[in-house]
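Chemist: Quick one: the structure is below, and I'll ask about it shortly.
The values are calculated or read from the model by the stated rules, or taken from the named source; none is laboratory data. Source: prediction; values computed, not measured. Neighbour counts are summed over all protein chains in view; Cβ atoms, including those assigned to glycine, are modelled from backbone coordinates with ideal geometry. Ligands, DNA and RNA are stripped out before the accessible areas are found, and what is left, the full protein with its side chains, is counted by its heavy atoms. Shrake-Rupley method; radii C 1.70, N 1.55, O 1.52, S 1.80 Å.
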Amino acid sequence: MVFRIFGLLFSFLILSPVFSQNITGSRLEEIQKRGELRVTGNRNFDPFYISDPKDGFPGFDAELGKKYAEFLGVKYTFTNRPEFEDYAEAIKNGEADIAFSGLSTTLERSKKGSFSYPYLVSTTGALVNKNALPPPPEGNIITTVYFRNIKDLDSISGLSFSVRAFSASHEYLLSLFPNSRIFTYGSMESAWNSVKEGQANCFVGDSLYIKGLLLKQRSILSNFRALIEPVQENHVSALLPKGDIYFSRNFEFFLSELKRTGELKSLEDKYFNRNDWVK
């Protein structure tokens, strides 16, 4: 009984947001003293951040960051940065405390900071030009969808791919199509634009990003087929200061409560399963 009580007390001290915010040497102590949570991310990344939002629809990550600041009882401030390397450097230098930007975890990225438990799980998906796909077999009476995920393209010749460099989707694409022509870009938007302009015939990216594109513009499906059935888990997580265990546990406690109460699922539905946010 004594050991059980001690274990419960230890868990409370580690997970309690009040206790964690007063840990000397943790970024949480700095946040509490200044009364401000400094968030960074890419504001031009629908629907994680929406650059010209409707009232009440700032974006998934924008809302998540604001909820975390409210949980800590501090002010929320946001600084726009374009790339993962910028987020990692800003957090390391103390210019930002945490990054929310639809970030998929990779082993290489984990060298630059600490990733939280995932708050969204997606997969590597694709938008492939229908002209690059073979026609259905003649005499096929029953309508059949032969292409549901990116793996279904492995027997198609002549495909060229466009992808964001050094992303989880890029790593997966290299493993699946090592001999194919692959164009890399600094952002998913640039990669998608190159496919629309005809430089490549298949865009590869996170399925959540593809869902956002389709919610904004269903007409994409007239020329492209969406392949977003799961092939692997992509974990979308927050980036925090490397080695700050108390900050990480505090944020993960916050996430677990959002998940328990259903707020996290409601937020996901708001931006990835409905298009109310689209102007």
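Chemist: Apply 1/(1 + (r/R0)^6) to the Cβ-Cβ distance of GLU36 and LYS151, taking R0 = 45 Å, and write down the FRET efficiency to the nearest 0.05.
Modeler: 0.50
Chemist: For the chain, modelled as a Gaussian network with Cα springs under 10 Å, which listed residue fluctuates most, GLY243, GLY65, GLY125?
Modeler: Highest fluctuation among the options: GLY243.
Chemist: Taking the simple approach of a point 7 Å from Cα along Cα-to-Cβ for both LYS279 and SER190, what is their distance in nm?
Modeler: Distance between the two pseudo-spin positions: 2.5 nm.
Chemist: Give the percent of DSSP beta bridges with both residues in the chain that are antiparallel, rounded to the nearest 5.
Modeler: On the way: 17 of 33 bridges.
Given both bridge residues lie in the chain, the antiparallel proportion sits at roughly 50 percent.
Chemist: For the chain, with a Gaussian network of springs between Cα atoms less than 10 Å apart, report the residue from PRO82, PRO47, PRO178 with the top mean-square fluctuation.
Modeler: The residue that fluctuates most here is PRO178.
Chemist: Taking only protein heavy atoms into account and a 1.4 Å probe, give the accessible area per residue of the chain in Å². Kindly include the intermediate steps, with their values, before the conclusion.
Modeler: Details: 14360 Å² over 279 residues.
Accessible surface, normalised per residue, equals 51 Å².
Chemist: Moving on to the next point. Once you put a point 7 Å from the Cα of SER175 and another 7 Å from the Cα of GLU268, both along the Cβ direction, what distance in nm separates them?
Modeler: For the pair SER175/GLU268, the computed spacing is 2.2 nm.
Chemist: Assign one of three labels to region 163-278, namely rounded, prolate or oblate, based on the Cα gyration tensor with a ≥ b ≥ c the square roots of its eigenvalues; rounded applies when a/c is under 1.5, prolate when it is not and a/b is larger than b/c, and oblate otherwise.
Modeler: In terms of gyration-tensor shape, oblate.
Chemist: As an exercise, use a Förster radius of 22 Å and the Cβ-Cβ distance of GLU108 and ILE245 to find the FRET efficiency, rounded to the nearest 0.05.
Modeler: Values: r = 22 Å, r/R0 = 0.99.
The formula returns an efficiency of 0.50 here.
Chemist: Can you pull the Kirkwood radius for the chain, inverse mean 1/r over Cα pairs, to one decimal in Å?
Modeler: 20.3 Å
Chemist: Okay, moving on. To the nearest 20 debye, what charge dipole does region 18-78 have about its Cα centre, counting +1 at the Cβ of each Lys and Arg and -1 at the Cβ of each Asp and Glu?
Modeler: For this selection, approximately 200 debye.
Chemist: Ignoring any ligand, DNA or RNA, what whole percent of the accessible area of the chain comes from carbon and sulfur when the probe is 1.4 angstrom?
Modeler: 52 percent
Chemist: What net charge do the residues around GLY262 carry, taking every other residue with its C-beta under 11 Å from that of GLY262, with Lys and Arg at +1 and Asp and Glu at -1? Show your work: numbers first, answer last.
Modeler: On the way: positive: LYS259, ARG260, LYS265; negative: GLU257, GLU263, GLU268, ASP269.
With Lys, Arg at +1 and Asp, Glu at -1, the net is -1.
Chemist: Put +1 on the Cβ of each Lys and Arg and -1 on the Cβ of each Asp and Glu in the chain; which of ASN275, ASN131, TYR87 then has its Cα farthest toward the positive end of the dipole?
Modeler: Result: ASN275, furthest along the dipole toward the positive end.
Chemist: Under a GNM of the chain (C-alpha, springs under 10 Å), which listed residue has the highest mean-square fluctuation: VAL121, VAL204, VAL163?
Modeler: Per the Cα network of the chain with a 10 Å cutoff, VAL121 tops the list.
Chemist: Determine the relative contact order of the chain: mean sequence separation of Cα pairs under 8 Å and six or more apart, normalised by residue count, in whole percent.
Modeler: Value for the chain: 27 percent.
Chemist: Of the beta bridges DSSP finds with both residues in region 114-253, what % are antiparallel, to the nearest 5?
Modeler: 65 percent
Chemist: Now, a different point. Suppose a student asked you for the relative contact order of region 53-128, using Cα pairs under 8 Å spaced at least 6 residues apart; what percent would you report?
Modeler: Relative contact order, region 53-128: 22 percent.
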